[in-house]
Amino acid sequence: MTRYIPALVVGGGISGLVCTYALRKAGIDAQLVEASPRPGGVIHSVTRDGFLLELGPQTFSGTPALLELCTELSISSELLQAPERAPRYILIDGQLRSVPLSPPAFFLSSLIGASTKWALVRDFFGKSVPPDGDESIANFVRRKFTAQLLDRLVGPFVSGIYAGDPERLSIRSAFPQLYEAENVAGSIVRGMLRLAKSKRGPRKRPILQSFREGNETLVRALANNLGPALLLDTNVTGISRREDASFDIRMKKDGRDEFISAKSLILAAPPDVTGRLLAPLDPSFESLLNGIDFAAVAVVSLGYHQKDFGHSLNGFGFLVPRSEGLGVLGTVWNSSLFPGRAQEGIALLTSFVGGATSLATTRVPPDELARVVHRELSTILSIKSPPVFSNVAIIPRALPQYNLGHGDRLTAVVKACSRFPGLWLVGNYLQGPAIGSCVDQALAVAQDVRERCL
C-alpha cells in the first residue's frame, strides 16, 4: 500500500535535517529518511574517558541563519565562542609561526618575504583579468601573487577547509568570492572591498563556535523536533516518476518494503548515492554525480598532561604546509578553545591526517596513525611524555572536493533536475562544505519547495 506525503527528504545529515525542519515549520508534512542508525552525517560528538571529542567538524562559524536556527530550537544558551583573537600558527621550518590577523600585522610579519608583500601591493594598485577557463587555486595564487604565499598560507588554509589539493581545486567553485573580486575589479583587495560594501545589513565578523556538549547538540535538537517524521535505518531502494509528475519511492526498513508517493522529493544524500537513485530517471545523474571526489581524513584525538608540554597551547592550533613533509595536516587545541573538552590539568588536541594529497594515509592502522601523530606533535610542541588518551576516527568520505570542472558539472546537474519539477538536491557538495553554508542552502531549497507545495 502506497502512502502519500507532500514532501520526502532522503538523507539525514545537517542539510536534510534543516530542510525537513524548515518545511514542517512552514506547515508542510515533510518526512525524512536516513539509512544509518543515527542522523547528523559527519557531525559526530562523542564523550569518552572524560573527553568530549568531535569526530567531524571541530567548530563552525555562527552565520545569521544558523544562529537564528539555534534560537528557534532553544539551544542558543548552549553556544560557546572560541576566543576571538586566539592566535593561529603555521609550521615553518619546524617552528610554529604566528599568522598575522590584520593587514598591518601581515605586512610587518616575517612569515612571508618582501616579494610576496610587493605582489599584494601590486594587486591593490594594478589590474588583472582572470582566464576564460577554470583555474586551479594553485595557478591563481602563483599568477596573482607568489609560490611562497601558496606554500605558506594558501595551501595550509585549503587543507584546513577542504583537506584538498590546491593544484586541483577550482578557484571559481571553492572560493567564488576571490574569483568574483578579480572579475569585477581586476584586484582581489579592491574587489573584496567592493563586494563587502554591496552587501546589505551590518557586517559582522563570523565567530567560531561550538556547543557546551559538542556540535551534535544541533543535530539532536533538530532530530528531537522532527520526532516520528525522522525515520532511521531506512534505505531508499528505488525512485520512479508517476504520470502526475509526483514520485514513487520504494524503501526498505526492518526487512520490509515500504512505498511512498511524494509531490516533492529532496535528495540530501551523498552525491554517489543520489546519482545511483536518480539513474532510472536519467542516466546522466549517475555519471555527473559520481565524478565528485571526496577526501578521506583521519581524525586523531590525543590527550596529554598539560605539564608535559613545552608550549603554552595559547591559541587555536596550527596548520602544516605540505613542504614540511609531515603526515599531520593541522591540529586544533580543543581544550584551549572551549571548556569541558578534557579534565582539569589535561590538554586535548585533535589532528587531521590524510586528505586529497595523502590518499594512502588513512589506510594505515589506527594505532600506527596515533603513533605517527604523537611523534610529530612531540617534536613541534616539545611534549615530554606519551599521551594518556587516544582516539582515531577514519572518515572515508569526509569532505567534497570542488575540483576543476566542478562548476560545469553542477550546471549540468541543475539542468538535469529542471527536467523533473519537484526534484531538488541539497548537500555539502553544492554551495560549500561548512555547516553554515549547508544550513543556508537547505533553507533556500525549503523555501522553493514551500512555494511549490502551497
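Laboratory data are not the source of any read-out in this text; all were calculated from the coordinates shown. Everything numeric in this text was worked out from a predicted model, so none of it was measured. Note that each Cβ is placed from the backbone with ideal geometry, even for glycine, and that neighbours are counted across all protein chains shown.
Note on segment 79-158: along the principal axes its Cα atoms extend 43, 32, 26 Å, ordered by decreasing extent.
Dipole magnitude for the chain: about 1060 debye, using +1 per Lys or Arg Cβ and -1 per Asp or Glu Cβ, origin at the Cα centre. Compared with the dominant principal axis of the Cα atoms in the chain, helix 435-453 is inclined by about 20°. Its alpha carbons considered, segment 231-275 gives a radius of gyration followed by a Dmax of 11.0, 30 Å. Note: segment 43-102, Cα convex hull, 152 Å³ per residue. Taking +1 at the Cβ of each Lys and Arg and -1 at the Cβ of each Asp and Glu, which of A30, P130, Y304 sits farthest along the dipole of the chain towards its positive end, judged by Cα position relative to the Cα centre? Value computed over the given set: P130. Once the mean of 1/r is taken over each pair of separate Cα atoms and inverted, segment 369-447 shows a Kirkwood hydrodynamic radius of 16.5 Å.
Evaluated at 37 °C with a viscosity of 0.692 mPa s, what Stokes-Einstein diffusion coefficient in µm²/s does segment 299-344 have when Rh comes from the Kirkwood expression over alpha-carbon pairs? Translational D for this selection: 271 µm²/s. Globularity index of segment 1-85 is 1.33 (Cα radius of gyration / 2.2 N^0.38 Å, N = number of residues). Computed over the chain, relative contact order equals 25 percent, with contacts defined as Cα pairs under 8 Å that lie 6+ residues apart. Over 13 Å apart: what share of the alpha carbon pairs of segment 263-319 falls there, rounded to a whole percent? When every Cα pair of segment 263-319 is considered, 74 percent fall beyond 13 Å. Here segment 294-400 is treated as an ellipsoid with the same Cα gyration tensor; its semi-axes, largest first and in whole Å, are 23, 14, 13.
Each 10 Å bin from 0 upward holds the following percent of the Cα-Cα pairs of segment 101-198: 16, 47, 35, 2. The packing ranking of peptides 237-245, 94-102, 10-18, highest mean first, is 10-18, 94-102, 237-245, where packing means the average number of other beta carbon atoms within 10 angstrom of each residue. DSSP beta bridges confined to the chain are antiparallel in about 75 percent of cases. Rg and Dmax of the chain, both derived from C-alpha coordinates alone, stand at 22.9, 72 Å.
Mean silhouette area of segment 143-220, derived from the convex hull of its C-alpha atoms and averaged over all directions, reads 7.6 nm². Measuring nothing but alpha carbons in segment 196-351 and taking Rh as the Kirkwood radius, the Rg to Rh ratio lands at 1.10.
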